[in-house]
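A short worksheet on the structure shown next.
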Amino acid sequence: MSRPITLCTAQWADLSLKEVCKLAEQMGYEGLEMAIWGTFDVRKAVNDPSYIHYVKETLKKYHLTSVALATHVPSQCVCDLYDPRLDGFAPSNLAGKPDEIRAWAKEEMIYCARAAKLMDIHIVTGFMGSPIFKYFYSFPQTSEEMIDAGYKEIVDVWSPIFDEFDRNDVRFALEVHPGEIAFDYYSYKRLLKEFNYRKTLGCNFDPSHLLWQGIDPATFLHDFIDRVYHVHAKDVKMNLNGRTGVLGSHLTFGDVERGWNFVSPGHGDVDFDAICRVLNQGNYSGPISVEWEDSGMDRVYGATEACEYIKKYNFDASDIAFDSAIQTEN
């Protein structure tokens, strides 16, 4: 199968590039979706040519490729409605300074586009933030004007960033995800319309965030396949037992009393077989990146097992109809 199985390094950003490359090769991965915090420094990449050489040589040494950069931490800060949680995503000297955090995040994304080009990478995954996600439940009442203003702000702030992406032949794959301006089927559909279907903006398809909301991942994938620029392999286990709900009850991830939890691929309810068939029909040939998240399992054990599991659901489409052999010449 031509689709490479890669590892998203967002959950491995405590390791150096060399350490994560060595481990990824040992676990069976073919490449990395490199997080631009911890794993890959976009500013250093733009300003120091020797750094690009080092990164490429390190990947080569461990027989890995990199076909995407992950920007989820800084990109969340571009348009999010500030609260103290963003202090943990931005440089420590910007803590408590919303305007400066946003300015840093926008600049970081500009650097990211330029660094991607230097790495011969054409896909950047990430978030966009949202000034209106807190309004998803309309109490106190949310007016249509407030929602309209939120989408307009996203377009106004992100359009200059996308201009830089275009100049560097890079596309942005938004992970449709709670907390974002587009968090489900119809909010993503509206986002595409607000950007006038600009090709720069696509989707990082992650089924785990859709399933617990009650959205069928394969249906979402089918309807938006022309916008799917990157795929995450992540699983979720539902536990709606009469006491639990989908909003999480303020219980931490991994708590078995939650209504759902992210789990290692193959241990949850995502139908990866159905997803593979839609990817085949849509001629998707990009990476399938394991974003490994499971608070109840050792990460090396889990990510190793996940790599082998996803390979089973990375089969090619048939080049012959199954019933063609039973037809007569006439």
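The values are calculated or read from the model by the stated rules, or taken from the named source; none is laboratory data. Predicted model, so just to flag it, every value in this text is computed and none were measured. Neighbour counts are summed over all protein chains in view; Cβ atoms, including those assigned to glycine, are modelled from backbone coordinates with ideal geometry. Ligands, DNA and RNA are excluded from the accessible area calculation, which covers all protein heavy atoms including side chains. Shrake-Rupley method; radii C 1.70, N 1.55, O 1.52, S 1.80 Å.
If only residues of region 14-27 that are open to solvent by less than 20 Å² (accessible area, probe 1.4 Å) and of a type outside the set (Val, Ile, Thr) are counted, the one that is farthest from Lys60 (Cα to Cα) is Met27.
When we screen Glu153, Glu145 for residues that are of a type outside the set (Gly, Ala, Ser) and surrounded by fewer than 16 Cβ atoms within 10 Å (Cβ to Cβ), the only hit is Glu145.
Across region 301-313, the qualifying residues are those that are touching a helix residue (DSSP H, G or I) at 6+ places or on another chain (Cβ under 7 Å) and open to solvent by 10 Å² or more (accessible area, probe 1.4 Å), and the one among them that is nearest to Glu30 (Cα to Cα) is Thr304. Counting the residues of region 213-239 that are buried (at least 22 other Cβ atoms within 10 Å of the Cβ) and part of a loop (DSSP other than H, G, I, E, B) gives 1.
For Gln11, indicate whether it is closer than 13 Å to His72 by Cα, open to solvent by 10 Å² or more (accessible area, probe 1.4 Å) and in a helix (DSSP H, G or I). For Gln11, the condition - closer than 13 Å to His72 by Cα, open to solvent by 10 Å² or more (accessible area, probe 1.4 Å) and in a helix (DSSP H, G or I) - is met. Going by the structure shown, is Phe136 open to solvent by less than 80 Å² (accessible area, probe 1.4 Å) and within 22 Å of Cys203 (Cα to Cα)? Here the answer is no, as Phe136 does not meet what is asked. For region 101-111, the condition of being part of a loop (DSSP other than H, G, I, E, B) and in contact (Cβ under 8 Å) with a residue 12 or more places away in the chain holds for none of the residues.
What is the residue count in region 49-82 for residues that are out of contact with any helix residue (DSSP H, G or I) (no Cβ under 9 Å at 6 or more places or on another chain) and open to solvent by less than 80 Å² (accessible area, probe 1.4 Å)? The qualifying residues number 3.
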